[in-house]
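Notes follow once the structure below has been shown.
The values are calculated or read from the model by the stated rules, or taken from the named source; none is laboratory data. Only a predicted model underlies this, so the values are computations on that prediction, with no experimental measurement involved. Note that we place each Cβ from the backbone using ideal geometry, even for glycine, and neighbour counts take in every protein chain shown. Remember, those area values only see protein heavy atoms, side chains included, never the ligands or the DNA or RNA. Shrake-Rupley method; radii C 1.70, N 1.55, O 1.52, S 1.80 Å.
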Amino acid sequence: GDLLPADGIFIQGNDLKIDESSLTGESDQVRKSVDKDPMLLSGTHVMEGSGRMLVTAVGVNSQTGIIFTLLGAGGEEEERKDKKGK
């Protein structure tokens, strides 16, 4: 499966199934359609089908980028606490 590099809205395609386990932990493939659940998230994998999407966010503004930013901020906060404690 191709890795989605950006967040976007599914606008055209057929029988698109996405593996969102990297974000949700859910192992089931999610069927995407223009009418129901059109959001595609960076860091997820295309398992079946094909499609086009309108990119809405990249890099630190994408869902994956926001998660990594929050994880990084938490790590820096822990380092500050460790330094203050010593």
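For the range 55-70, taking the residues that are touching a Gly at 6+ places or on another chain (Cβ under 6 Å) and not hydroxyl-bearing (Ser, Thr, Tyr), the one that is surrounded by the fewest Cβ atoms within 10 Å (Cβ to Cβ) is identified as Gly59.
How many residues does the range 25-34 contain that are open to solvent by less than 90 Å² (accessible area, probe 1.4 Å) and either within 15 Å of Leu4 (Cβ to Cβ) or in contact with a Ser or Thr (Cβ under 8 Å, 6 or more places away or on another chain) (or both)? Write out each step before concluding.
Step one: of the range 25-34, the residues open to solvent by less than 90 Å² (accessible area, probe 1.4 Å) are 25, 29-30, 32-34.
With either within 15 Å of Leu4 (Cβ to Cβ) or in contact with a Ser or Thr (Cβ under 8 Å, 6 or more places away or on another chain) (or both) added as a condition, the list becomes 29-30, 32.
Residues that pass the stated criteria total 3.
With respect to the conditions (1) touching a Leu at 6+ places or on another chain (Cβ under 7 Å); (2) surrounded by 15 or more Cβ atoms within 10 Å (Cβ to Cβ); (3) of a type outside the set (Lys, Arg); (4) over 22 Å from Thr69 (Cβ atoms), Leu16 lacks only one, and its number is (1).
If I ask for residues that are open to solvent by less than 80 Å² (accessible area, probe 1.4 Å) and part of a loop (DSSP other than H, G, I, E, B), which ones from the range 35-54 would you list? Asp37, Pro38, Leu41, Ser42, Gly43, Thr44, listed by residue number. In summary, Phe68 fulfils each of the numbered conditions (1) part of a helix (DSSP H, G or I); (2) in contact (Cβ under 8 Å) with a residue 12 or more places away in the chain; (3) more than 10 Å from the chain's Cα centre (by Cα) with the single exception of condition (2). Remark: Val30 falls outside the filter, which requires a residue to be among the hydrophobic types (A, V, I, L, M, F, W, C), farther than 18 Å from Gly65 by Cβ and outside any strand (DSSP E or B).
Under the condition of being polar (S, T, N, Q) and over 11 Å from the mean Cα position of the chain (by Cα), which residue from the range 36-60 is modelled with the lowest pLDDT?
In the first step, residues of the range 36-60 are kept if they are polar (S, T, N, Q); the result is 42, 44, 50, 56.
Adding the requirement that they be over 11 Å from the mean Cα position of the chain (by Cα) leaves 50, 56.
Working: Ser50: 94, Thr56: 97.
The qualifying residue modelled with the lowest pLDDT is Ser50.
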